[in-house]
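Visitor: Mind looking over this structure? Questions follow.
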Amino acid sequence: MKLKINGREYEIVSGPGTTLLDVLRYELRLTGTKEGCGTGSCGSCTVLVDGKAINSCLVIVGEVEGKEITTIEGLSRQGKLHPLQQAFINEGAVQCGFCTPGILLTAKAFLDSNSHPTESQIRQAIAGNLCRCTGYDKIVRAIMSVADS
Amino acid sequence: MAKYSVVGKRIPRIDALSKVTGTAIYSGDVTLPDMLYGKVCRSPHAHAIIRRLDVTKARSLEGVMAVITASDVPGYKNRSPLLLVEMPHLAQEKVVYAAQPVAVVAATSIEIAEKAVGLIEVEYEELPPVLDVLESMKPETPPIYPDLYTNFIARPPTDKDSKPSNIAYHISVNRGDLEAGFREADLIIENTFRTQPIHHGYLEPFAAVAKADVNGKVTIWTQTQGVFTARQMIAEFLGLPPTQVKLVPVEIGGAFGGKSYLPLAPLCALLAMKTGRPVRMEMSRDEVLRDGRPAPGSVTTIKIGVTKKGYITAASATFIYDAGGFPEMSHTMFVRGNTFSQYKIPNIKIEAFDVLTNTVPVTYYRAPSTPQSHFAIESQMDLISRALGMDPLQFRIQNSTAEGDTTPSGEILPKVGFKETLERMAEYLRQKGSLQGENRGRGVACGFWHGAAGSFGAYVNVNIDGTVTLVIGVTDVSGSRTSIAQIVAEEFGIPMEAVSIVVGDTDTAPWSSPSVGSQTIYSLSHAVYRACQDAKDQLRRLASPRLGVPASEIEFANGQAIFKGDTQKSIPLAALGRSSLGFRGEGPIVGRGSIAGLPPAPSVAVHAVDVEVDKETGKVKVLSYAVAQDVGLAINPMSIEGQIQGAVTQGIGWALMEGYVFDRGKVQNTTFLDYRMPTATDVPMIDTMLVEVGSTTGIYGLRHVGEPPMVGTLAAVANAIHSATGVRLKTLPMTPEAILKGIKKQGKS
């Protein structure tokens, strides 16, 4: 089976019933995608499938064959950070960093569909991504700063 | 002109780029060739005797390379497992909590390892579990350990009359004349408060990778708040000298006290030694919640007496902490230094107990013991100010301690900004104005944290390009690398980009205490500062003949060594770095610094929260939240704000929603769906005010930062709910159900 990840095709040996998360982390060693719970309740494993944010621990690779998958490793292009990545650095939105890849991808998918959200819409949008370090304050501000610019 | 050029600036974390690109390496990201996978077999019972343990079938499964049980642990031959603190305790004759490890398997795949765990045969004889601390303390309750005596962990008492007890530790403090103090009081209020056990909730589950080389040396990659303390304990577990174990630092996905505990690393290392192959172990979230040691629940009875004018005359309190199944992580030891220190109380009596139960053993969580004790103290302070009709902040200001006062632990208080911080909050609230609207209320509370100080070493290399490399041995759980780099940049007069920080492994880095007790930046900065001065002295000696000025007249700015009297006389650090290696040099410039025995610089944080309570559903909405904290001097304000905002959010979770659900001692809510933590929709933006009353002991006057902002949250929220509803809740969490019950009860009375 083939998977299209970050614009590149990968030949996969894992069976179609393997979760996308396990294939990313253990077979392809794209370890930027994190496993925080394995039950779809923390958002650390969020990736984009055809531009939509999904929990990769809840999806088996058979379901995403032929679709465009974006992981955190594919968010910056040609060495240039995505504005969200830069904003997270500048605003102090990164602490331990474990939730960061998932929140960045959730935020990207959200801003792609709503470029001028309110604070409360941003909070709703990232409510599926737990962060234990920051209290969300600086994360929300970072996303707002990108939406405003 | 600002006093400092880099210190005090909002500088982004130096580790942020690797984290936003997914390239930062955490324990679970480490892969070695030919790696095996380990899995733990756990007890299904909270309290049981092991009658038979047979691993024969598991061992003979194809692909299984090793199975170990307690009898394979070299460290258990010399000493009680209970003395190997923050380690997993493989059960020997009995299990004392559900999920206690009984055996561990290494196999060629995760699937085979899991299958082998299922083939391990254990016959248990169940015992009635002891689940309630008050029951457990009674002399007639059978002791969980037949050889455990109060305050004599795993050591028999000298006094023959002592009996084994479930009270692991007990301390008492008596100061003044308590009875006389209460006689002087016009108002005495007594209450009992309860808090639930709570998990740190770090997003990264435990993981470890280990390998053993042919010389018998073991190398371990695992998340730990202290690589050197981890090395020591793991070496004792493995029966090796400490230097035969090497801990390699990795990024840590949240810790908050919970990652001094090493549930996998020692097991993983032993499997690697047994099999001669690298081994990886990872915990599922379910395992983290069942066996990732939480903060203890508590029962506190507190009595405070005051005069009509609002002066405290006496206070007594009994703090009981639920230790869970092991006695090793005492919380009572923190009580003396962290309770009643912010108020002048002439007559005090404190009793504190760590009590064993057959539940998951506890460990330290962000200001251990203190959010629990302050939930009681600060709720009580609120009730008294209400009864007296006094403003709650004024009541606290009036009773606050000052420099030179003696704390209950007998310590003379150094300068702490109690009044300054309380007054800053009072001013903030004056400007904000009173809270309008129905079912809304404001609560305030104060939190004190004494802080810790450890031993740290550091060395700096001044490189041939004029950059500086700092080598330290403490892992970063709070942005410490960035703040410390700021200090190095400040001291050498170079930009942040010219500083690099290496967190070395235990073979290469100078010894460091763990990152606990809010001590890291506070203590480490002394070692780093001294290392910088040492290197700067060497640079001055090199620069002096070249500039033709006395060494003592040379300072550092803009990447140059400069003569104080004439800034035209200067030489770049790069040139000095190069010349140090030449004929006239002294060799490479290496500065070293060390610190131990630093007295802590206590800190105070004042909280104010506005809430709205839905009287139909009991749901609390946190409308706004503000914290004023005495940080001494903010090395990096952005980083400190993040610490405060994170701590408050954890506290809101503790106050309103989090908590274990037990069934006969077994944790039932083992996913993030039913162990509910705050999301972005549960908290507002959190205002922070950094009060800078410089400490006399910290570099630049800095203080402990990371733990103090957690302490006052629980009571602040409870006090706000009282303001909004008239209902006083004395048991956490204050769920919608509990609040509705309170409202209904109030309606009836």
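Visitor: Out of everything in the range B:271-285 that is out of contact with any helix residue (DSSP H, G or I) (no Cβ under 6 Å at 6 or more places or on another chain) and aliphatic (A, V, I, L, M), what residue ends up being most open to solvent (accessible area, probe 1.4 Å)?
Guide: Applying the filter and picking the extreme gives B:Met273.
Visitor: Of the conditions (1) buried (at least 21 other Cβ atoms within 10 Å of the Cβ); (2) in contact (Cβ under 8 Å) with a residue 40 or more places away in the chain; (3) among the polar types (S, T, N, Q); (4) more than 7 Å from every other protein chain (Cβ to nearest Cβ), A:Ser145 fails just one. Which one is it?
Guide: Of everything listed in (1) buried (at least 21 other Cβ atoms within 10 Å of the Cβ); (2) in contact (Cβ under 8 Å) with a residue 40 or more places away in the chain; (3) among the polar types (S, T, N, Q); (4) more than 7 Å from every other protein chain (Cβ to nearest Cβ), A:Ser145 misses just condition (1).
Visitor: List the number of the failed condition for B:Arg676; all other conditions in (1) under 18 Å from B:Tyr202 (Cα atoms); (2) touching a residue at least 24 places away in the same chain (Cβ under 8 Å); (3) within 10 Å of another protein chain (Cβ to nearest Cβ) hold.
Guide: (2)
Visitor: Starting from the range B:551-562, keep only residues that are at positive phi, then list their pairs with residues that are among the hydrophobic types (A, V, I, L, M, F, W, C) whose Cβ atoms are within a distance under 6 Å, requiring at least 6 positions of separation or different chains.
Guide: Sorted first by the residue in the range B:551-562, then by its partner, the pairs are B:Gly559/B:Ile494; B:Gly559/B:Leu573.
Visitor: Still on this structure, please answer the following. State whether one or more residues within the range B:239-248 are under 29 Å from B:Ala647 (Cα atoms) and of a type outside the set (Asp, Glu).
Guide: yes
Visitor: Mind listing whichever residues of the range B:581-597 are modelled with pLDDT under 95 and touching a helix residue (DSSP H, G or I) at 6+ places or on another chain (Cβ under 6 Å)?
Guide: Scanning the range B:581-597 gives a single hit, B:Gly585.
Visitor: Taking the range B:707-742, which residues are in a helix (DSSP H, G or I), out of contact with any strand residue (DSSP E or B) (no Cβ under 8 Å at 6 or more places or on another chain) and either among the hydrophobic types (A, V, I, L, M, F, W, C) or crowded, with 19+ Cβ neighbours inside 10 Å (or both)?
Guide: B:Leu740, B:Gly742
Visitor: Filter the range B:115-140 for residues that are among the β-branched types (Val, Ile, Thr) and within 35 Å of the chain's Cα centre (by Cα) and give the result.
Guide: Residues of the range B:115-140 among the β-branched types (Val, Ile, Thr): B:117, B:120, B:122, B:130, B:133.
Once the filter is applied, which keeps residues that are among the β-branched types (Val, Ile, Thr) and within 35 Å of the chain's Cα centre (by Cα), the range B:115-140 yields B:Val117, B:Val130, B:Val133.
Visitor: Considering the range B:1-39 alone, what residues qualify as being out of contact with any Lys or Arg (no Cβ under 8 Å at 6 or more places or on another chain), open to solvent by 20 Å² or more (accessible area, probe 1.4 Å), within 30 Å of B:Ala106 (Cβ to Cβ) and more than 7 Å from chain A (Cβ to nearest Cβ)?
Guide: Within the range B:1-39, B:Ile25, B:Pro33, B:Lys39 meet the criteria.
Visitor: OK, next. Can you confirm whether A:Ala93 is under 25 Å from B:Met710 (Cβ atoms), aliphatic (A, V, I, L, M) and either buried (at least 20 other Cβ atoms within 10 Å of the Cβ) or within 11 Å of chain B (Cβ to nearest Cβ) (or both)?
Guide: On the way: under 25 Å from B:Met710 (Cβ atoms): yes; aliphatic (A, V, I, L, M): yes; either buried (at least 20 other Cβ atoms within 10 Å of the Cβ) or within 11 Å of chain B (Cβ to nearest Cβ) (or both): yes.
So A:Ala93 fits the description; yes.
Visitor: For residues that are more than 16 Å from B:Gln225 (Cβ to Cβ) and acidic (Asp, Glu), scanning just the range B:461-497, find the one that is most open to solvent (accessible area, probe 1.4 Å).
Guide: Top of the filtered list is B:Glu497.
Visitor: Pull up the range A:100-119, narrow it to residues that are farther than 17 Å from A:Asp50 by Cα and hydroxyl-bearing (Ser, Thr, Tyr), then point me to the one that is farthest from the other protein chains (Cβ to nearest Cβ).
Guide: A:Ser115
Visitor: Going by the conditions given, is A:Ala109 at pLDDT 95 or above, outside the structural domain of A:Leu21 (by TED's automatic domain parsing) and out of contact with any Phe, Trp or Tyr (no Cβ under 9 Å at 6 or more places or on another chain)?
Guide: Considered against the rule, which asks whether it is at pLDDT 95 or above, outside the structural domain of A:Leu21 (by TED's automatic domain parsing) and out of contact with any Phe, Trp or Tyr (no Cβ under 9 Å at 6 or more places or on another chain), A:Ala109 comes out as yes.
Visitor: Let me ask you something else. Which pairs have Cβ atoms under 8 Å, sit 6 or more apart or on different chains, and link a residue in the range B:722-733 that is touching a residue at least 24 places away in the same chain (Cβ under 8 Å) to one that is charged (D, E, K, R) and buried (at least 20 other Cβ atoms within 10 Å of the Cβ)?
Guide: Within 8 Å, the pairs are B:His722/B:Asp382; B:Ser723/B:Arg442; B:Pro733/B:Glu658.
Visitor: When the range B:298-311 is examined, which residues are found to be assigned to a strand (DSSP E or B) and open to solvent by 10 Å² or more (accessible area, probe 1.4 Å)?
Guide: B:Val299, B:Thr301, B:Lys303
Visitor: Could I ask something else about it? Filter the range B:192-242 down to residues that are within 14 Å of chain A (Cβ to nearest Cβ) and over 18 Å from the mean Cα position of the chain (by Cα), then give me how many there are.
Guide: Total meeting the criteria: 3.
Visitor: Among the residues of the range B:208-257, how many are within 22 Å of B:Ala106 (Cα to Cα), assigned to a loop (DSSP other than H, G, I, E, B) and open to solvent by 10 Å² or more (accessible area, probe 1.4 Å)?
Guide: Residues that pass the stated criteria total 7.
Visitor: While we're here: Just give me the residues in the range A:96-121 being hydrophobic (A, V, I, L, M, F, W, C) and surrounded by fewer than 24 Cβ atoms within 10 Å (Cβ to Cβ), in sequence order.
Guide: A:Ala109, A:Phe110, A:Leu111
Visitor: OK, next. When you go through B:Tyr459, B:Tyr364 one by one, which is the residue that is over 30 Å from B:Glu497 (Cα atoms) and in contact with a strand residue (DSSP E or B) (Cβ under 8 Å, 6 or more places away or on another chain)?
Guide: Of the residues listed, the single one that is over 30 Å from B:Glu497 (Cα atoms) and in contact with a strand residue (DSSP E or B) (Cβ under 8 Å, 6 or more places away or on another chain) is B:Tyr364.
Okay, residues lined up against (1) in a strand (DSSP E or B); (2) hydroxyl-bearing (Ser, Thr, Tyr):
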position: B:Gly441; (1), (2): yes, no
position: B:Cys446; (1), (2): yes, no
position: B:Asp465; (1), (2): no, no
position: B:Ser478; (1), (2): no, yes
position: B:Val488; (1), (2): no, no
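Visitor: Additional query: Being on the phi < 0 side of the Ramachandran plot and touching a helix residue (DSSP H, G or I) at 6+ places or on another chain (Cβ under 8 Å) is true for just one of B:Gln538, B:Gln533. Which residue is that?
Guide: The unique qualifying residue is B:Gln533.
Visitor: Follow-up. Mind listing just one residue for me: the one in the range A:75-90 that is at pLDDT 95 or above and more than 9 Å from chain B (Cβ to nearest Cβ) and, of those, least open to solvent (accessible area, probe 1.4 Å)?
Guide: A:Ala87
Visitor: Hey, could you check the range B:691-705 for residues that are touching a strand residue (DSSP E or B) at 6+ places or on another chain (Cβ under 9 Å) and assigned to a loop (DSSP other than H, G, I, E, B) and say which is most open to solvent (accessible area, probe 1.4 Å)?
Guide: Ranking the qualifying residues of the range B:691-705, first place goes to B:Glu692.
Visitor: While we're looking at this one, here's another question. Against the conditions (1) more than 14 Å from chain A (Cβ to nearest Cβ); (2) on the phi < 0 side of the Ramachandran plot; (3) not β-branched (Val, Ile, Thr), where does B:Gln650 fall short? Just the number, please.
Guide: Unmet for B:Gln650, out of (1) more than 14 Å from chain A (Cβ to nearest Cβ); (2) on the phi < 0 side of the Ramachandran plot; (3) not β-branched (Val, Ile, Thr): (1).
Visitor: Looking only at the range B:259-278, filter to residues that are touching a Lys or Arg at 6+ places or on another chain (Cβ under 8 Å) and assigned to a helix (DSSP H, G or I); which one of those is nearest to B:Ser478 (Cα to Cα)?
Guide: B:Cys268
Visitor: Now for a separate question. Is there a residue being touching a helix residue (DSSP H, G or I) at 6+ places or on another chain (Cβ under 6 Å) and over 27 Å from B:Asp610 (Cβ atoms) anywhere in the range B:423-438?
Guide: no
The values are calculated or read from the model by the stated rules, or taken from the named source; none is laboratory data. Keep in mind the model is a prediction, meaning the values are calculated, not measured. FYI the Cβ positions are ideal-geometry reconstructions off the backbone, even for glycines, and counts take in every protein chain you see. Just the protein is used for accessible areas: all its heavy atoms, side chains included, with ligands, DNA and RNA removed. Shrake-Rupley method; radii C 1.70, N 1.55, O 1.52, S 1.80 Å.
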